[in-house]
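Working notes for the structure below.
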Amino acid sequence: MESLGSLRAFVLTAEARSFTIAGRHLGISPSAAGKAVARLEEHLGVRLFHRSTRSIALTPEGSLFLERCRRIFGEIEAAELELSQTRGAPKGKLRVSLPIVGMLMMPTISAFVRTYTEIELDLDFNDRLVNVVEEGFDAVVRTGDATDSRLMTRVLGASPYLLAGSPGYFDQRGFPANPADLKNHIGLRHRYPSTGLIEPWPLGSKRRKAEVEISTAAVSSGLEPLIFMAEQDLGLIYVPEFAIHRQLADGTLVSVLEDYIDHSVTFRMLWPSTRQLSPKLRVFVDFLADNLFSLPSAVADMEVAHI
C-alpha cells in the first residue's frame, strides 16, 4: 500500500507538474509528496523528474514510467468499478464544476440529491475555465464546444434564448411587434463575469441580425437578479429558456419576438478520458441529460463521444 501511495504521488505530480497540487489531492503537504516521489526514485534507481527552483519536468524514464502507472491505476479503477457495480446503489462523493448559470439548474440537481441519497455532491460554481484533470474534478458542466482532448463529453441539452418580460411591464410599455420597437423599451442586461462584456441581444432574420437599441435599467453578472427584476415589471431580459421555465409556465413572464431569435446555448458534461465512468458519475450524467432540457430525440440520444 505504501508503494501504491508513492505511485499515486508520482502520477499526480507528473500530471499537474506540481508537488503542491499533488499534495493537495492527496491531503498531504508538498514536502511529503516530494519525499514520496524521492523514495520511489531511490527504490527504482532512476530519476523521474528534472527539478528546478521554479518547475519540474519528467525525464524520459519518468515519461515511460508514467504510462505504465496510468495503466496500473486504470486496472485498479476498473476492478473497483466492477466491485461497486455488484454492491447496489451508486455512492460516494462526486465533485462537479458548473458555470454560474448552473445555479438555475438547482431544481434538477435537487431532484437528483433526493433520488440518490448515498451520493454526496460537491458543487463548485464559477465561470473560469477549470482544469478538470489537474484540479481533481470528477466532471464539469460547460457551455459551447469542447476542445480538450483529455476529456470525454456528452451533450446534456440545448436551450433556446428568449426575450421576456412580465405582463405588468407589457401593460405599461406595450408588446413590441419587431426589434425596432425595442427602442421604446427597457433592458435588464447580463454581463459576462469572465470578460466584463455585456451579452449582446442579436435579433433579426436568420440572414440579417443586429444588436438591438434599448435603454438599460440594470446590469448583472448573474441571471437570477435579472429574472427577479423582470418579474417586478422593471424591464426585458434575454436568457436561455430553461432559466425561466417556471415563470413561463405560471405566467409571471411572457416571451416576445420569438420569430426574430434563433440563438441557443448547449450544455455538455465532461470528465477525464483516463477514468472509468463510475456508477455515481453515470447516474448523474444520465439524470441531468434526461431531466434538464427538452430536446429533439436525435440530440437527446447522442452517445458518449470522445472529443
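One table, with the values for the structure above:
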| read-out | value |
| --- | --- |
| Sole exception among (1) surrounded by fewer than 17 Cβ atoms within 10 Å (Cβ to Cβ); (2) over 20 Å from Asp138 (Cα atoms) for Arg70, by number | (2) |
| Residues located in the stretch 246-289, provided they are modelled with pLDDT of 85 or more, of a type in the set (Gly, Ala, Ser), surrounded by fewer than 19 Cβ atoms within 10 Å (Cβ to Cβ) and within 27 Å of Thr153 (Cβ to Cβ) | Ser264 |
| Selected residue [surrounded by fewer than 17 Cβ atoms within 10 Å (Cβ to Cβ) and under 30 Å from the mean Cα position of the chain (by Cα)] from Leu203, Leu197, Leu163 | Leu197 |
| Counted residues, the stretch 222-245 - those being assigned to a helix (DSSP H, G or I) and either of a type outside the set (D, E, K, R) or farther than 25 Å from Leu156 by Cα (or both) | 12 |
| Qualifying residues in the stretch 167-191 (those that are in contact with a strand residue (DSSP E or B) (Cβ under 8 Å, 6 or more places away or on another chain) and assigned to a loop (DSSP other than H, G, I, E, B)) - the one nearest to Leu129 (Cα to Cα) | His185 |
| Residue in the stretch 1-37 that is nearest to Arg70 (Cα to Cα), counting only those that are without any contact (Cβ under 8 Å) to a residue 24 or more places away in the chain and not in a helix (DSSP H, G or I) | Met1 |
| Answer from Leu44, Leu64, Leu58 - the residue that is aliphatic (A, V, I, L, M) and surrounded by 15 or more Cβ atoms within 10 Å (Cβ to Cβ) | Leu58 |
| Residues of the stretch 227-241 satisfying the condition of being under 21 Å from Gly174 (Cβ atoms) and out of contact with any Phe, Trp or Tyr (no Cβ under 8 Å at 6 or more places or on another chain) | Met229, Glu231, Gln232, Ile237 |
| Within the stretch 160-186, considering residues that are polar (S, T, N, Q) and over 15 Å from Gly204 (Cα atoms), the one modelled with the lowest pLDDT | Asn184 |
| Some residue of the stretch 211-219 being assigned by TED's automatic domain parsing to the domain that holds Ser166, on the phi < 0 side of the Ramachandran plot and within 19 Å of the chain's Cα centre (by Cα) | no |
| The stretch 65-99, subset assigned to a helix (DSSP H, G or I) and under 21 Å from Ala289 (Cβ atoms), residue modelled with the lowest pLDDT | Gln85 |
| Failed item in (1) surrounded by 13 or more Cβ atoms within 10 Å (Cβ to Cβ); (2) in contact with a Ser or Thr (Cβ under 8 Å, 6 or more places away or on another chain); (3) modelled with pLDDT under 90; (4) closer than 19 Å to Gly102 by Cβ, with Arg142 passing the rest | (2) |
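The values are calculated or read from the model by the stated rules, or taken from the named source; none is laboratory data. In this text the structure is predicted, and so the values were computed from the model without any measurement. Positions of Cβ are generated from backbone atoms using ideal geometry, with glycine treated the same way; all protein chains shown enter the neighbour counts.
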